[in-house]
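These notes are about the structure you will find just below.
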Amino acid sequence: MSLTGKRAVITGGGSGIGADMALAFASAGAEVTIIGRREAALKAVADQHHCIHLAVVDVTDEAAMVAFFAQLGRVDIVVANAGAAESAPFAKTSFEQWQRMLNVNLSGVFLTLREGLKQLNDGGRMIAVASTAGLKGYAYVGAYCAAKHGVVGLVRALAIETATRNITVNALCPGFTDTPLLAASVDTIVAKTGQSAEQATSHFESTNPTGRLVTPAEVSATALWLCGPNSSAITGQAISISGGEV
Ligand code: NAP
């Protein structure tokens with residue numbers, strides 16, 4: 001599938017799913033700008049393909065997001081992928097943690113889609129990387145689940161608002177995926193429960209009926225399909241990429 005001539009923005013492109021997606025889009029011919037907070041991580045991805053450019057921007061900083069999209073100019077594809085997952089039993093979830101999770105996972109998506117829409121060409125594509133946590137509940141990640149459910153609602157509303165411009169807006173909902181974010185969750189379980197890393201990893205694998213983690217490439221492939229010409233009637237959807245978990 002060719003994305004030649006298309007300009008894309010991917011938030012959180014310095015690692016995991018966002019990095020894989022940036023390389024997949026660039027390999028398909030798109031000019032891709034990745035954003036995140038850690039310049040070294042972004043540069044390590046941008047160095048792998050001449051069509052990948054970077055900008056250091058925090059998706060929760062409204063002024064920085066407004067300025068970034070204003071200087072970027074017109075785009076065809078916007079992917080709100082940046083996110084983070086902190087865990088805590090609900091009764092021990094501090095208000096600060098609640099706000100951190102809503103800030104990066106929901107308000108960051110809001111700012112990305114709002115500022116991205118101002119620059120988006122008709123027929124453009126918007127994608128939010130939500131999660132199966134946007135479709136079902138998991139214990140100990142109430143704030144993350146609330147934010148991801150919010151992303152799914154936002155996508156459904158925005159899809160209706162943009163449909164007459166042939167813009168599609170969809171959420172990708174991966175199950176547990178093999179990325180640094182999941183590795184950090186494994187480390188947390190090891191530290192808090194004394195389980196081995198293998199035990200903690202197999203807990204995540206066992207939630208997926210196929211018995212394995214989702215790969216970033218499987219998420220990227222779905223994003224590529226959503227950006228191609230054969231998905232123009234797919235909008236307002238929350239697409240589960242979870243081996244049948246949801
Ligand atoms: P990851 O490798 O940790 O990627 C998250 C990216 O988001 C990082 O590159 C990080 O870069 C960026 N980011 C975080 N906070 C940011 C901020 N305030 N401003 C700008 N960038 C920020 O993890 P991942 O698994 O690929 O996560 C990507 C998305 O997939 C997230 O939305 C996550 O919730 C979702 N997801 C993951 C899984 C999973 O099991 N891994 C499952 C379902 C959904 P900096 O630190 O440099 O800012």
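The values are calculated or read from the model by the stated rules, or taken from the named source; none is laboratory data. Because the structure is a prediction, the values reported are computed rather than measured. Note that we place each Cβ from the backbone using ideal geometry, even for glycine, and neighbour counts take in every protein chain shown. Heads up: the accessible areas ignore ligands, DNA and RNA and are worked out on the full protein's heavy atoms, side chains in. Shrake-Rupley method; radii C 1.70, N 1.55, O 1.52, S 1.80 Å.
Quick look at the values:
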quantity: 15 Å Cα-Cα reach of LYS43 towards aspartates and glutamates, excluding residues that sit fewer than 8 places from it in its own chain; calculated: ASP20
quantity: For the range 69-80, 3J(HN,Hα) per residue [Karplus equation, 6.51 cos²θ - 1.76 cosθ + 1.60, θ = phi - 60°, Hz, x = Gly/Pro]; calculated: 5, 5, 7, 6, x, 5, 9, 10, 9, 10, 10, 8
quantity: Fraction of accessible area attributable to carbon and sulfur, the range 114-228 (%, probe 1.4 Å); calculated: 57 percent
quantity: Percent RCO, i.e. relative contact order, over the chain, from Cα pairs under 8 Å lying at least 6 residues apart; calculated: 19 percent
quantity: Residue-by-residue Karplus 3J(HN,Hα) for the range 55-63, coefficients 6.51, -1.76, 1.60, Hz, glycine and proline x; calculated: 8, 8, 9, 8, 5, 8, 9, 4, 4
quantity: Spatially proximal lysines relative to LYS6 (Cα-Cα < 17 Å; intrachain offsets below 8 disregarded); calculated: LYS118
quantity: Relative contact order (percent, whole number), the range 1-113, Cα cutoff 8 Å, 6+ residue spacing; calculated: 27 percent
quantity: Pairs of Cα atoms farther than 17 Å apart, the range 128-246, %; calculated: 60 percent
quantity: Ranked packing of 12-20, 35-43, most packed first, by mean Cβ within 10 Å; calculated: 12-20, 35-43
quantity: Over the chain: helical MRE at 222 nm, DSSP H runs n ≥ 4 each giving -39500 (n - 2.57), nearest 500; calculated: -14000 deg cm²/dmol
quantity: Sequence-distant aspartates and glutamates (8 or more away, or on other chains) whose Cα lies within less than 17 Å of LYS148; calculated: GLU86, GLU245
quantity: Nonlocal amide H pairs with THR33, under 5 Å, H built at 1.01 Å; calculated: ALA8, VAL9, ILE10, HIS53
quantity: Å² of accessible area per residue within the chain, as computed with a 1.4 Å probe and no ligands counted; calculated: 45 Å²
quantity: HIS203 paired with ARG100, simple spin-label distance in nm, labels 7 Å along Cα-to-beta-carbon; calculated: 1.9 nm
quantity: Mean separation of Cα contacts under 8 Å, 6 or more apart, over the residue count of the range 103-160: relative contact order %; calculated: 40 percent
quantity: Equivalent ellipsoid, the chain (semi-axes from 5 times Cα gyration tensor eigenvalues, Å); calculated: 28, 19, 19
quantity: Whole-Hz ³J(HN,Hα) from phi, Karplus 6.51 cos²θ - 1.76 cosθ + 1.60, for the range 204-210, glycine and proline x; calculated: 5, 4, 6, 6, 8, x, 7
